[in-house]
Ligand code: UD1
């Protein structure tokens, strides 16, 4: 097993290129199985979750090749409709194949993902959306077993805004008979990107990016070509890296409009952020001010940036309060940050962080993807040598993070544990 080692105390400066978005690439890869033939996707990030989805598509019978960030998926040979436990348990986003399988084969057998480090993470909304579209859905021996003679367009109202359920329902509805309207749909840029890809495939979708998405079913879809949008969470993480080290970083290849809530919280904390069409220049010269963070669906503050922002607030002037509204237990980074002298109290879904002038280095353990990013960020300013173990989590969602950070001047490397 590998670990990341950081010798803290370097100010970051320079330019970092943001990779394609993991959370946009995964559903688009799943969508490619809706049409027999070759779909091509550029700007695909080199991440473990992408490899897992590639393996999933291959298990379903597609042939998939990856060449310098361009993925070619030939879904002509798809002949299986079973997503096995071995793959789904390593990546919950595997459940994205449910909608496309049901739409194309009228049947799907997809392992239930189970819980994760910070809670149960149900898929009930995915299942009820499939049922509303006319599928019979049962749970058998840990698998979602779904079938339909045909899918029929419907009005579906989501009780909770869910990125995954919105994406799954949208993919299934593309080949349903008639009109589907998704209400309280997720507005995330990744949903807009999925809708754009489906539209290139010949789907008829309007309203993506708002809370009401309408889909007119079509008889068939064709393969398409697209390029993955930049990863707004990776961009946000490097913005915090600049802020926490009181450095200056050009975050290139991003879409600033997708990062508005993070930009405004950093600005409130006294960090300078300048933006152009595809770049953010983030600079800080002193300790940040404390800010209050409440996670919410897009365009609110993303839960996927909560841990990284908490690392920053650990060294802020004053006390900051985090309210986690999306995943109420998503605080597994807190005990690890405390090992680095952070002063954090958690009650229910609220974390109160009393900023300290400095953090101490320690041996810490990554518990999930964004928690590992937070520990690395804390390590950048801790005095001395921080070791972050279990970093396989970080490779799920950050491309070569230690290389990108060392190019910015951090003293960081990977070692065998
Ligand atoms: C996606 C992202 C993840 C991010 C999350 C919230 C991907 C691959 N992952 O996850 O990084 O943290 O959005 O922005 O894009 N819920 C239910 N029932 C369901 C589905 C969800 O109750 O059937 C709840 C969840 O427990 C959570 C909320 O809805 O409280 C939002 O979750 P959702 O948007 O579905 O998250 P994911 O799509 O799994």
Self-check item: First in the stretch 317-335 and touching a residue at least 60 places away in the same chain (Cβ under 8 Å) and over 24 Å from residue 268 (Cα atoms), second anywhere and in a loop (DSSP other than H, G, I, E, B) and more than 13 Å from the ligand (Cβ to nearest atom), Cβ under 8 Å, 6 or more apart
Solution: 328/348; 332/367
Quiz item: Being in contact with a strand residue (DSSP E or B) (Cβ under 6 Å, 6 or more places away or on another chain) and within 19 Å of residue 24 (Cα to Cα), is that true of even one residue in the stretch 207-218?
Solution: yes
Self-check item: Selection within the stretch 323-357 - within 15 Å of residue 308 (Cβ to Cβ) and more than 16 Å from the ligand (Cβ to nearest atom)
Solution: 334, 336, 337, 340, 342, 344, 351, 353
Quiz item: Looking at the stretch 185-199, is at least one residue buried (at least 23 other Cβ atoms within 10 Å of the Cβ) and more than 22 Å from residue 161 (Cα to Cα)?
Solution: no
Exercise. Can you tell me which residue within the stretch 58-95, out of those that are part of a helix (DSSP H, G or I) and over 20 Å from the mean Cα position of the chain (by Cα), is surrounded by the fewest Cβ atoms within 10 Å (Cβ to Cβ)?
Key: 86
Exercise. Identify the single condition in (1) buried (at least 23 other Cβ atoms within 10 Å of the Cβ); (2) more than 20 Å from residue 45 (Cα to Cα); (3) free of Cβ contacts under 8 Å to residues at least 60 places away in the same chain that residue 157 does not satisfy, given that it satisfies every other one.
Key: (1)
Practice problem: Could you please find all residues in the stretch 157-166 being closer than 17 Å to residue 137 by Cβ and in a helix (DSSP H, G or I)? | Solution: 164, 165
Quiz item: Just a yes or no: is a residue in the stretch 15-35 in a strand (DSSP E or B), in contact (Cβ under 8 Å) with a residue 60 or more places away in the chain, over 22 Å from the mean Cα position of the chain (by Cα) and outside the structural domain of residue 142 (by TED's automatic domain parsing)?
Solution: yes
Quiz item: What strands (runs of 3 or more DSSP E), lying completely within the stretch 348-417, carry at least 1 residues that are under 16 Å from residue 335 (Cβ atoms)?
Solution: 350-354, 363-365, 385-389
Practice problem: Answer yes if at least one residue in the stretch 237-254 is surrounded by 17 or more Cβ atoms within 10 Å (Cβ to Cβ), within 16 Å of the ligand (Cβ to nearest atom) and in the same structural domain as residue 285 (by TED's automatic domain parsing), and no otherwise. | Solution: yes
Practice problem: Among the numbered conditions (1) under 23 Å from residue 23 (Cα atoms); (2) within 16 Å of the ligand (Cβ to nearest atom), tell me where residue 135 comes up short. | Solution: (1)
Practice problem: Among the candidates 366, 374, single out the residue that is crowded, with 24+ Cβ neighbours inside 10 Å, touching a helix residue (DSSP H, G or I) at 6+ places or on another chain (Cβ under 9 Å) and closer than 10 Å to residue 307 by Cβ. | Solution: 374
Practice problem: Name the one entry in 84, 113, 100, 122 that is outside the structural domain of residue 324 (by TED's automatic domain parsing), within 16 Å of the ligand (Cβ to nearest atom) and modelled with pLDDT of 95 or more. | Solution: 100
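The values are calculated or read from the model by the stated rules, or taken from the named source; none is laboratory data. All figures in this text were calculated on a predicted structure; none of them were measured in a lab. Here Cβ is always computed from backbone atoms with ideal geometry, including for glycine, and neighbour counts include all displayed protein chains.
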